Structure formats: structure tokens, C-alpha cells
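Colleague: I have a structure here, written as C-alpha cells, and I will follow up with some questions on it.
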Amino acid sequence: MTLSAERQKLILAAVRQHGAVRTADLVERLAVTAVTVRRDVKELADRGLVTRVHGGITLPQRSENPDQPGTEGTATTGSGRTLAGMVTPSVEYYWPAVIKGAQATMASSNGRLVLRASAYDSSEDKRQVTKLLEHGVQVLLAAPTTTGHDGAELLRWLGALRVPVVLLERLPPPELPTLALDAVTSAHHVGAGLAMRHLITLGHRKLGILTSRSSPTSRMLRRGWKEAIDSLDIPDTDDLEVEVPTYGSVGWGEAYDEVLRRCSREGVTGLLVHSDREAVGMVERARDLGIDVPGELAVLAYDDEVAAAADPPLTAIRPPKHRVGALAAELALSRTVENTDRPVHRVQLWPTLHVRETCGATADNTEPPAS
């Protein structure tokens, strides 16, 4: 049996020579099983070297054939209204603003949005998308599961659909570098950097970031936090990074108390907390422990869903949720009218800082912030 790299080299040579090659011909030519050929073809397709079609592969070039996925003309409902499908992992906290943004764009374009909720599960994501396609949607907005083998397979499936697909707050993983799916995301790592810089400007040097265990945003926030520490070059900043249970879950109070006691022991005077509900809980427990916010501990919330209603009102970083939904719908609609030369769009929107009352404290060591 030839090695995988050798087989793939032969597959590439065949498709370059003939333009298109049937899977059955490759099985015969390479003297391997169909499963082996499909595995090699999938790896080549993920790298952008070939395009999979029914029964075989072709060279990775844009087709002007309207029967190919994503090349339809303007698609509308019988009433002349474009029907968009949307799948989000939840219709609660964070996602309502995204949904409303998409609704606003569709309404202004004489279209209609049909919503289905999933549950952070790739099989449920696929089921809900399938239901929308059966319903007759012409464009699709989706926030699918992207992690693991099942997530990658789901993204490949979405990329082969015959309707324009735009990802919401999701990007394909590194192993799918050429997957041609548009996406609109919030730059959460930038938001974490904005929070740190605000705290440092106030004179804080010992800082912490608390992230919810249940949040898929946590990884990007921690990345931005570390990048900000490195870029600001503050050698005496102690990096407190803790995952906390969801506010209101079993044992949350004791866990928050332990974090606050650690802040007191280690001299941490500024916290970024994801999300609002966890920040509200942290301020509540700090009050019970006799820790003054903002006098002794500055707190920033990430999300800004209910931060303004906290007591005291929370300074917060606000992702552009409404605009994410609106722009994703705009990109999807554009795909229905523009030709196939339109490049893949990956749009990243920055969060904004909203200063309120929970960051008035200054650290004891109030030296000027590093440049």
C-alpha cells in the first residue's frame, strides 16, 4: 500500500490532468478501498487543493454553473420576500440582540427571518438546519458547534449546501483553513484588552480575569487578556485567571467567596468578569464579605446585558451583538445577488467600553501605566 502522502500526490496529478476524476476510478487506480480514497480526498479538500463533487473531485475553481452550491440567483418566497433561516444555540442571554439585528436587516430588505434554536450540539444543529432547508429558506445564518470531529464534519456539510451560509460568532477551526464560509464575529480578545487597559489607566497593577465555565467565549477572552499583558510589558502584573461556576448554580457562593479572599490575600484590585450575571454575583458576595466595590476592588463585566441595572452599575465591555446579526444577514443577502467571484468575507467587529461606577478604585501602587 502506498503511503498517504504518495496517494494524495497521485490523486492531485490525476485531477490536474483530467480536470475531474471519479472516486471509483481512484479506487481502481490506487488499488485501495473506497474508504481510504474518501479519507485522502477529504484531507485534500480541507487544504483547498481539490473540490469534492458528487461521485468524485474537481480542481478547486469557482464554477459559473448555477447548479453548483452557492451560485443561485436571487431566491425569494412566493410573495417576493427572501426567506432566511437562522440557527442559534440559545434564544436567551446574548443571542436575542443578535437575532433582532438579523430581523432588522431582513425586514428592511422585504425579507423574513425564520428562527430555530439548538443546544450547543452538532447533531441538533444539523437537524435544525435541515428543517429550515425543508421549509424553503434561501439563505442561512448559523452559530454551529465547531469543535471536535463532529463540529468539523458539520462545517464541511454547511460549506457544501446550495444556499448561502454565514456563520455567527463562529469561525472554522485551523484544520479547515480554506472552508469557503462567510462569518461575522465579535473581537472578544480585543474586548478583554480594552478592559485591561482601562484598569491599568486607573493605576491598577494586580489584575484578574474570571470566566464562566459554561461559556464558549472564555477562550477568546483569556487569549486577549494574555496578549494585553504581553503588549503592555508590565512585569509586576500578577495574572489571576480563574474559571468560576455559573451564578446561581450549586456552590457558586462559596466559589466566589474563595476568589474574593484570594484577591484580598494577593492584592488583586481589578477584575474582568464574564459575564454580567457572574459580575453581579461577585459584587454581591464582595459586599457580604465587607469588600468595597469600587473602593477596594474594581469590577468590569463582559457582555453588558444587564450591567447597567446592577448595584452599583457595572462598567462593562459590550460586544456589538445587534450589529453581528444585522451584518450577517446583509452578507447572506449579498450572496444571492452577486456573482460567484465574490470573495469569502470574514468580518470582525470590535466591542466597546461603557464606563459606569464599579471601576473607581485605584491600586495602592498607582504608578503611571506602561506605554
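Colleague: Taking the beta-carbon count within 10 Å as an exposure proxy, list TYR256, TYR94 from fewest neighbours to most.
Modeller: Details: TYR256 25, TYR94 19.
Fewest-to-most Cβ neighbours within 10 Å comes out as TYR94, TYR256.
Colleague: With +1 on each Lys and Arg Cβ and -1 on each Asp and Glu Cβ, and nothing else charged, work out how big the dipole of the chain is about its Cα centre, in Debye to the nearest 20. List each step's numbers first, then the result.
Modeller: Working: 42 positive and 47 negative charges, 325 e Å.
In total the dipole reaches around 1560 debye.
Colleague: Once you keep just the Cα pairs under 8 angstrom separated by 6 or more residues, what percentage relative contact order results for the stretch 98-253? Before the final figure, lay out each step's value.
Modeller: Details: 168 pairs, mean separation 22.9, N = 156.
Across the stretch 98-253, relative contact order equals 15 percent.
Colleague: Still on this structure, I have one more. Rounded to the nearest 500, what is the chain's calculated 222 nm mean residue ellipticity when only DSSP H runs of at least 4 contribute -39500 (n - 2.57) each, over all residues? Display every interim value, and only then the final one.
Modeller: On the way: 11 runs with 150 residues, N = 371.
Helix contribution divided over all residues of the chain: -13000 deg cm²/dmol.
Colleague: Based on the Cα atoms of the stretch 188-319, what semi-axes does the equivalent ellipsoid have, where each is the square root of 5 times one gyration tensor eigenvalue, given in whole Å with the largest first? Mind showing how you got there, number by number?
Modeller: On the way: eigenvalues 81, 55, 39 Å².
Calculated on Cα positions only, the semi-axes equal 20, 17, 14 Å.
Colleague: Straight-line reach only, C-alpha to C-alpha below 18 angstrom: list the aspartates and glutamates that LYS9 could link to, leaving out same-chain residues fewer than 8 apart.
Modeller: Filter leaves ASP25, GLU28, ASP40, GLU43, ASP46.
Colleague: Right, another one. Using only alpha carbon pairs under 8 Å that are at least six residues apart, calculate the relative contact order of the stretch 188-319 and give it in whole percent. Don't jump to the answer; show the numbers that get you there.
Modeller: Details: 211 pairs, mean separation 34.4, N = 132.
Relative CO of the stretch 188-319 lands at 26 percent.
Colleague: Let me ask something else. Classify the stretch 78-215 as rounded, prolate or oblate from the Cα gyration tensor: take a ≥ b ≥ c as the square roots of its eigenvalues, call it rounded if a/c is under 1.5, otherwise prolate when a/b beats b/c and oblate if not. Working shown, then result.
Modeller: Numbers: a/c = 2.36, a/b = 1.67, b/c = 1.42.
Verdict is prolate for the stretch 78-215.
Colleague: Using 0.36 nm per residue, how much length does the chain from THR58 to SER249 gain when fully extended, once their Cα-Cα distance is taken away? Please list the in-between numbers first.
Modeller: Working: separation 191, 0.36 × 191 = 68.76 nm, distance 5.21 nm.
Full extension from THR58 to SER249 adds 63.6 nm.
Colleague: Okay, moving on. Do any of LYS42/LYS226; LYS126/LYS226; LYS42/LYS321; LYS131/LYS226; LYS226/LYS321 go past 30 Å between their Cα atoms, and which?
Modeller: LYS42/LYS226; LYS126/LYS226; LYS42/LYS321; LYS131/LYS226
Colleague: Hey, can you grab everything whose amide H is under 5 Å from the amide H of VAL114? Only 5+ residues off in sequence or another chain; H modelled, so Pro and N-termini drop out.
Modeller: Distant-sequence amide H within range of VAL114: ALA84, GLY85, MET86.
Colleague: Assuming R0 = 35 Å, what is the FRET efficiency of ARG342 and ARG39, from their Cβ-Cβ distance, to the nearest 0.05? It would help to have the intermediate numbers written out before the result.
Modeller: Working: r = 31 Å, r/R0 = 0.90.
For ARG342 and ARG39, the calculated efficiency is 0.65.
Colleague: Here's something else I'd like to know. Expressed in nm to one decimal, what extension gain is obtained for the pair TYR120 and THR147 from 0.36 nm per residue of sequence separation less their Cα-Cα distance?
Modeller: Here the segment from TYR120 to THR147 would lengthen by 8.7 nm.
Colleague: Restricting to the chain, what percent of DSSP beta bridges are antiparallel, rounded to 5?
Modeller: 20 percent
Colleague: Most exposed first by the Cβ proxy, i.e. fewest other Cβ within 10 Å, how do THR88, THR147 rank? Mind dumping the intermediate values first?
Modeller: Numbers: THR88 25, THR147 11.
The fewest-first ordering by Cβ neighbours comes to THR147, THR88.
Colleague: Out of LEU49, LEU171, MET86, whose Cα points farthest toward the positive end of the dipole of the chain (charges: +1 Lys, Arg; -1 Asp, Glu; placed on Cβ)?
Modeller: LEU49
Colleague: Expressed in nm², what is the orientationally averaged projection area of the convex hull enclosing the Cα positions of the chain?
Modeller: Numbers: hull surface 88.9 nm².
That works out to 22.2 nm².
Colleague: Work out how much length LEU171 to VAL91 would gain on full extension: take 0.36 nm times their residue separation and subtract the Cα-Cα distance, in nm to one decimal. Each step should come with its number before you reach the end.
Modeller: Values: separation 80, 0.36 × 80 = 28.80 nm, distance 2.02 nm.
Here the segment from LEU171 to VAL91 would lengthen by 26.8 nm.
Colleague: Right, next: What is the dipole size for the stretch 188-319, taken about its Cα centre, with +1 at each Lys and Arg Cβ and -1 at each Asp and Glu Cβ, in debye to the nearest 20? Spell out each step's value before the answer.
Modeller: Details: 15 positive and 22 negative charges, 46 e Å.
Roughly 220 debye for the stretch 188-319.
Colleague: Could you put ASP25, ASP230 in order, starting from the residue whose Cβ has the fewest other Cβ atoms within 10 Å? Present the calculation step by step, with values, prior to reporting the outcome.
Modeller: Working: ASP25 15, ASP230 9.
Placing the least packed residue first, the sequence is ASP230, ASP25.
Colleague: As I understand it, the value is the acute angle between the Cα axis of helix 122-135 and the longest principal axis of the Cα atoms of the chain; what does it come to in degrees, rounded to 10?
Modeller: Roughly 60 degrees, rounded to the nearest 10.
Colleague: As a test of the definition: which semi-axes, in Å, follow for the stretch 4-58 when you take the square root of five times each eigenvalue of its alpha carbon gyration tensor? Largest first, please. Numbers along the way, then the final one.
Modeller: On the way: eigenvalues 37, 29, 24 Å².
They are 14, 12, 11 Å, listed from largest to smallest.
Colleague: Here's another thing I want to ask about it. Could you give the nm distance between label points at LEU161 and GLU28, where each point is 7 Å from its Cα heading toward the beta carbon?
Modeller: 3.7 nm
Here, each number is a calculation from the coordinates, and none is a lab measurement. Computed from a prediction, not measured in an experiment: that's the story for all the values here. Backbone-built Cβ (ideal geometry, glycine too); neighbour counts: all protein chains shown.
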